[in-house]
Amino acid sequence: MEKQETRVYGLQFGLLCLSSFLFFASFNMIIPELPDYLTSLGGEDYKGLIISLFTLTAGLSRPFSGQLADKIGRIPVMVVGGAVCIVCGFLYPITGSVAAFLLLRFVHGFSTGFTPTGTAAYVADIIPINRRGEATGLLGLCGSLGMAAGPALGGTIANHFSLDTMFYTSSVAAFLSVAVVVRMKETVDDKQRFRMGLLRISRSELFEPRVIAPSVVLFFTVFSFGTILTVIPDFSEFLGIKNKGLFFMSFTLSSLAIRFVAGRVSDKYGRVSVLRVSTFVLMLAMVAVGFSSNLTELMLAGVLFGIGQGMNSPTVFAWTIDLSHEAHRGRAMATMYIAMEAGIGIGALSSGWLYNNNPENFRLVFWTGAAVVLVSLLYLLFFIKSPSRKY
């Protein structure tokens, strides 16, 4: 790896942030409209699979993307993820059956199985350890801007133009994210040429034991995110909210400022201390969503959810980097992302099953999500003994 430069935030970090914004905007802009799109194909009973299939593929690809990021470089791995988004955006309009749609969601998951793994490893390469919480907060801020702009933009395009136009726009955003990435400087010095042998993963390479603790915390906290992604579009419609992307915009915007602050606080006072607060806030947010009965209450609950997520994400990422070994950083980030995809996927699948297209089950769904977040809080309180500056 290259030696750390004196200046922490340079051109490479700026380009990475821009690419992250475009990448997250790409695949998030279509999410609020997918439940209705699947229903139009006759698949209203399979809404839970919209997110769970996506995250399943992402999780399955993490060990491979982690190894490839360590071997062939961070940038090629990021490019692969963006390329998948480009192709899928053009394929959604021609899916004419439920089976084809679900297969495409499965394939689309490869995008987040690759790009974020390479991105996280790249940040760890160029940012010194005492600024990683801050840096991951800034990077997460840009990703959150994409997550906020994506659903709002996608809903607007779908309402004023067409769903097909929305899908094509998502491909354009993904293309721009790749165009930015390919101009960046690779951080892996001794990179190898790709060969099929690099896709062989031994049992010991499936996960990194050093990062089990942050992975456990992430698994239980992002369960609620899977619930939100799956059920909020229908819940918004139930409350009479026309633009189903408004909740996503409210919680992602509220996470922007707090991400930067939380990263710096975790650098100073420790990752675990911040995570104990963030998981408590997330739990309260899920309870509040269940109590929401109008647009104002739902938006306020979304703000609270964004604060919790905004504190949680950069802190878990920085904690994972702290614990990882430089030679296996890609594997460590892949392990963390596997836990994330598993939590989101199981949260999406179980919430779809609990909801069962019955509005009477909304509170049960959201409060189940709150109960799962509570597990993460109890783990942090009773199984992680003494927080320190870096752990």
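The values are calculated or read from the model by the stated rules, or taken from the named source; none is laboratory data. Quantities reported herein were computed from a predicted structural model and do not represent experimental measurements. Cβ atoms come from the backbone with ideal geometry, glycine included; neighbour counts cover every protein chain shown. When the accessible area is computed, the model is the full protein with side chains, heavy atoms only, and any ligands, DNA or RNA have been set aside. Shrake-Rupley method; radii C 1.70, N 1.55, O 1.52, S 1.80 Å.
For the chain, with all protein chains in place and a probe radius of 1.4 Å, 66% of the accessible heavy-atom surface sits on carbon or sulfur. Amide H contacts for Phe207 (H built 1.01 Å from N in the peptide plane; partners 5 or more residues away or on another chain; cut-off under 5 Å): none found.
Nearest 0.05, what FRET efficiency do Asn130 and Arg200 give at R0 = 30 Å with Cβ-Cβ as r?
Working from the Cβ atoms, E equals 0.20.
Once both labels are positioned 7 Å from their Cα atoms along Cα-to-Cβ, the gap between Val87 and Asn357 label points is 3.2 nm. Classification of region 221-305 by its C-alpha gyration tensor yields a prolate form. The axis ratio a/c (a ≥ b ≥ c) is 1.5 or more, and a/b outweighs b/c.
List the relative contact order of the chain as a percent without decimals, with contacts defined as Cα pairs under 8 Å and 6+ residues apart.
On the way: 792 pairs, mean separation 109.4, N = 391.
28 percent.
Mean sequence separation of contacting Cα pairs (under 8 Å, at least six apart), scaled by the length of region 76-211, corresponds to a relative contact order of 37 percent. Remark: region 103-118, residue by residue, has Karplus-estimated 3J(HN,Hα) of 5, 5, 4, 4, 5, 4, x, 4, 4, 7, x, 10, 4, x, 5, x Hz, where x stands for each Gly or Pro and the curve is 6.51 cos²θ - 1.76 cosθ + 1.60 at θ = phi - 60°. When Rg and the Kirkwood Rh are both derived from Cα coordinates, the Rg/Rh ratio for the chain amounts to 0.95. Peptides 68-77, 81-90, 117-126, 157-166 ranked from most to least packed, by the mean per-residue count of other Cβ atoms within 10 Å: 117-126, 68-77, 81-90, 157-166. One decimal place: the segment Leu300-Leu11 gains 100.4 nm when fully extended, by the rule 0.36 nm per residue minus the C-alpha distance. The HN-Hα couplings worked out from phi for region 61-78 by the Karplus form 6.51 cos²θ - 1.76 cosθ + 1.60 (θ = phi - 60°) are 8, 4, x, 6, 5, x, 5, 5, 4, 6, 9, 9, x, 6, 5, x, 5, 5 Hz, whole numbers, x standing for Gly and Pro. From most to least packed by mean Cβ count within 10 Å, the peptides 333-339, 244-250 give 333-339, 244-250.
No disulfide-compatible partner, judged by a Cβ distance under 4.7 Å, exists for the following cysteines of the chain: Cys85, Cys88. Taking amide hydrogens as placed 1.01 Å from N in the peptide plane, the amide H of Tyr9 sits under 5 Å from that of no residue at least 5 positions away in sequence or on another chain. Reducing region 185-257 and region 83-160 to their Cα centroids gives an inter-centroid distance of 9 Å.
Only the Cβ atoms of Lys and Arg (+1) and of Asp and Glu (-1) were treated as charged; on that basis the dipole of region 226-355 about its Cα centre amounts to roughly 280 debye.
3J(HN,Hα) couplings calculated from phi for region 182-189 with the Karplus curve 6.51 cos²θ - 1.76 cosθ + 1.60 (θ = phi - 60°) are, in sequence order, 5, 8, 8, 8, 5, 9, 8, 6 Hz; Gly and Pro show x.
With protein chains left intact and a 1.4 Å probe, residues in region 176-278 average 48 Å² of accessible area per residue. Highest-first packing order for the peptide set 136-144, 44-52, 358-366 is 136-144, 44-52, 358-366, based on the mean count of other beta carbon atoms within 10 Å.
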